[in-house]
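To keep things clear, I will list the structure first and then write my remarks on it.
What follows draws every value from the coordinates through simple rules; no lab data is involved. Source: prediction; values computed, not measured. Glycine gets a Cβ as well: all are built from the backbone with ideal geometry, and neighbour counts include every protein chain shown.
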Amino acid sequence: MWVFTIYGFYSIACAGKPDGTLDPDMVMVRARRKDHLQNLQKRCPELASSQIISPPNRDYGYRLIVPKSVWVAALREMTEEQKWDNFKSEVRKRMGLDGADYTDALREVGEIMHRIQESDTRQGWS
């Protein structure tokens, strides 16, 4: 699952057990930038006690390993705080120049996903 928030971008997957099988009760909250996980920890104190790890030779350079129930609670909190009508504008406002690369990436992802929209409903978008 990919999650784009005003705090950063995260890829969520089940964590592994020591025997190599998947643990459906634990998730890896993965990020390409450490500050995105730090932003998330500041927003969601229940994630602050989890150490940000950086395993070598992985697609996502940074991750938190947390119980799925903790991640669900964090998602709920972020959903309940939503009070904006334009996500990309809100990210730009909150992150400013420090988040320009993230804001640009959001615009590019939006353009790519717009291409798959049904042609009879395609209009301008924001």
Next item on the list: Find the centroid of the Cα atoms in the stretch 93-114 and in the stretch 26-60, then give the distance between the two in whole Å.
Entry: 20 Å
Margin query: With percent of Cα pairs over 25 Å apart as the read-out, I listed (i) 24; (ii) 16; (iii) 32; which label goes with the value calculated from this structure?
Written below: (iii)
Checklist line | In nm, spacing of pseudo-spin labels at Ala48 and Ala13 (7 Å Cα→C-beta vector) | finding: 3.0 nm
Next item on the list: Quick one: which residues, 5+ away or cross-chain, put their amide H under 5 Å from the amide H of Gly16? H built at 1.01 Å from N.
Entry: Asp23
Check: What helices does the chain hold that run 27 Å or longer along their axis, going by alpha-carbon atoms, with a Kyte-Doolittle average of -1.0 or more, using DSSP H for the helix calls?
Finding: none
Next item on the list: Please get the size of the charge dipole for the chain, origin at its Cα centre, with Cβ charges of +1 on Lys and Arg and -1 on Asp and Glu, quoted in debye to the nearest 20.
Entry: 280 debye
Notebook entry, point to check: Straight-line reach from Lys88: which lysines have a Cα under 21 Å away, not including same-chain ones fewer than 8 places off?
Noted result: Lys34, Lys42
Item checked: Value at 222 nm in deg cm²/dmol, rounded to 500, when DSSP H runs of n ≥ 4 in the chain each add -39,500 (n - 2.57) -> -12000 deg cm²/dmol
